[in-house]
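Inspection log for the structure reproduced underneath, given as structure tokens.
The values are calculated or read from the model by the stated rules, or taken from the named source; none is laboratory data. Computed from a predicted structure; not experimentally measured. Ideal geometry is used to build each Cβ from the backbone, glycine not excepted, and the neighbour counts take in all protein chains shown. Just the protein is used for accessible areas: all its heavy atoms, side chains included, with ligands, DNA and RNA removed. Shrake-Rupley method; radii C 1.70, N 1.55, O 1.52, S 1.80 Å.
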Amino acid sequence: MSYKVAAPDEYLAITGMNIKNVHITKSAWVLPFQRCTRFSVQPHDYAMNLQAMTKEKLQFLLPVVFTIGPDVNQRGANSKAPRPLPGSDAGHSTNNHTHDEDRGDALMKYAMLLAESTAQKKGSQYLENIVKGIIEGETRVLVSSMTMEEIFTEREEFKRRIFRNIHGELDQFGLKIYNANVKELKDAAGSTYFQSLSQKAHEGATNQARIDVAEAQLRGNVGEAERHGQQERSIAKINAETAVQKTDRDVERAAAEANLATQKTVLSRDVDIARIQATRATEARDEDLKKEVQVKRAAAELERLRAIDVVKAAIARESKQQAADAKAYEVGAEARANFEKSTKATDATAYKTKVDAETQATADFNRITKNTDAAAYKTKMDAEAWSHAAIKNAEANLQKKLKEAEGMSAMADAYAKMSHAFGGPTGLLQYMMIEKGTYVELAKANATAVNGMQPKISVWNTGSEAGSTAGGGQDSAATMRNVYQLLPPLMSTIHDQTGITLPEWQFGKLPNNEVARQDQFKGSEKRVNGK
């Protein structure tokens, strides 16, 4: 009796005394007349490259990888979970396996059918063959009922159906699929279906990319031209507004300067008038004072001379009175004339200054406005012309690229037809080499390569019988004698052409006559080579 404990990835299968079928546990006492077997529940990967055929009779390779192992969660009637009431549905489903041999326990199924002990690995290949057979059979049955388009477009559904079908078969052995991975489909031997589809998609994507690049370049060039035109128009508008504002400021400054000059003239005029009025008032007051003095003096003189000469005094007084009045009138007339003259001169100067300022401002404004309009119109026309030219160039480039693509496509179709006509790519290649003169060029290259070569030719004559065509008169030893006569010149030739001297112990030492023969041979070699 011993106490057995299983590893974390193992279970113990105990059979024997007091056990009806198989007892699956992690640890237990093993009694006498009982047998304990360890079995691993680690999942294993099964990778296969299946060759299947679709509904349209298209063969292809289906690489799949399945991770399969014992189902440790499905214990059936041996589950340690609380048993439901007899009237519940769960209790009904559990009781369905009560009378089964394996009681619905996946580990018991695996232990009874496929489990092996740790010391015996003979069943690993057997288990692998069973699993691969189930996977291969179910996969081929499923693929044969689907078209190639369905396999491509419904990849997830295809994977679920494989998973469901294989899982149903593996459940009989207590196994479970932990993961199923369907890799990319491949062409079978002698089939180019996927290669042709890939090439078609690649060429379509390449052509679409070239069209997208051309359209992007067109939009970029047009957008750049529009931005440049908008920038130049904005700059021209800002410059024109700046010039107009500058002209307005100049006009306002000129008007202010003219107003200032006018005010200065008016003030100067008022000062001059006030000065003249003050002078004239002073002179008038002086004259009035002088008049009063003269009157008083005349009155005194009159009083003094009244008694002497009344008539003479009266005449003198009247005479002086008239002279004073005449002089006062003359002074007043002169003052009024000077005042009128100064006023008119000041008004004329102010009017002239105002008219000149307005004329100059109007002329400058008209000139700047015309120049600005002309520059803006020229800029607009240049921008429109440049934009139109850019659009035309982009359209021409697009048409050129499209024509080149059409030409390449037509050339490819023509080469495909020629290849079919010549029996395949090899026949087409031979035809193009003949048409292009490739064989002639190869022949010329080979002739050039051997041109000027000077090979060394050695001729051996072993005796007076060498070269004779008559078969009679020769003895049986002639052949051996000729062979032995051949060895010295052979050794000499090897020495002359390679610089290698064979050992004396093997073939002996060359005689003196053979050295002389070598010298003679070298001279004849020069004559043979034409030197």
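Of these, Lys417, Lys370, Lys400, which one is at pLDDT 80 or above, of a type in the set (Lys, Arg), more than 30 Å from Arg210 (Cα to Cα) and assigned to a helix (DSSP H, G or I)? Unique residue meeting the criteria: Lys370. For the condition in a helix (DSSP H, G or I) and farther than 30 Å from Thr362 by Cα, Lys264 does not qualify. Against the criterion of being modelled with pLDDT of 80 or more and either surrounded by 11 or more Cβ atoms within 10 Å (Cβ to Cβ) or of a type in the set (A, V, I, L, M, F, W, C) (or both), Thr94 does not qualify. Taking the criterion of being of a type in the set (Gly, Ala, Ser) and within 10 Å of Ser40 (Cβ to Cβ), the residues of segment 3-20 that qualify are Ala6, Ala7.
Taking the listed residues Val182, Val131, Val141, the one that is open to solvent by 70 Å² or more (accessible area, probe 1.4 Å) and either at pLDDT 85 or above or under 28 Å from Pro70 (Cβ atoms) (or both) is Val141, with no other qualifying.
If the condition is being in a strand (DSSP E or B), open to solvent by 80 Å² or more (accessible area, probe 1.4 Å) and modelled with pLDDT of 85 or more, then segment 6-52 contributes His23, Trp29, Arg35, His44, Asp45. Residues in segment 144-166 that are surrounded by fewer than 16 Cβ atoms within 10 Å (Cβ to Cβ), out of contact with any strand residue (DSSP E or B) (no Cβ under 6 Å at 6 or more places or on another chain) and within 17 Å of Thr67 (Cβ to Cβ): 2 in all. Residues in segment 377-417 that are among the aromatic types (Phe, Trp, Tyr) and surrounded by 13 or more Cβ atoms within 10 Å (Cβ to Cβ): Trp386, Tyr415. Report yes if Val244 is under 60 Å from the mean Cα position of the chain (by Cα), part of a helix (DSSP H, G or I) and surrounded by 11 or more Cβ atoms within 10 Å (Cβ to Cβ), otherwise no. So Val244 fits the description; yes.
Mind checking whether some residue in segment 67-75 is open to solvent by less than 70 Å² (accessible area, probe 1.4 Å), modelled with pLDDT of 80 or more and aliphatic (A, V, I, L, M)? Looking for residues that are open to solvent by less than 70 Å² (accessible area, probe 1.4 Å), modelled with pLDDT of 80 or more and aliphatic (A, V, I, L, M), one finds at least one in segment 67-75, hence yes. The set of residues from segment 275-309 being in contact (Cβ under 8 Å) with a residue 40 or more places away in the chain and exposed (fewer than 10 other Cβ atoms within 10 Å of the Cβ) is empty.
When you scan segment 201-218, do you find a residue that is surrounded by 12 or more Cβ atoms within 10 Å (Cβ to Cβ), within 23 Å of Leu113 (Cβ to Cβ) and either under 43 Å from the mean Cα position of the chain (by Cα) or β-branched (Val, Ile, Thr) (or both), even just one?
The answer is no; no qualifying residue exists.
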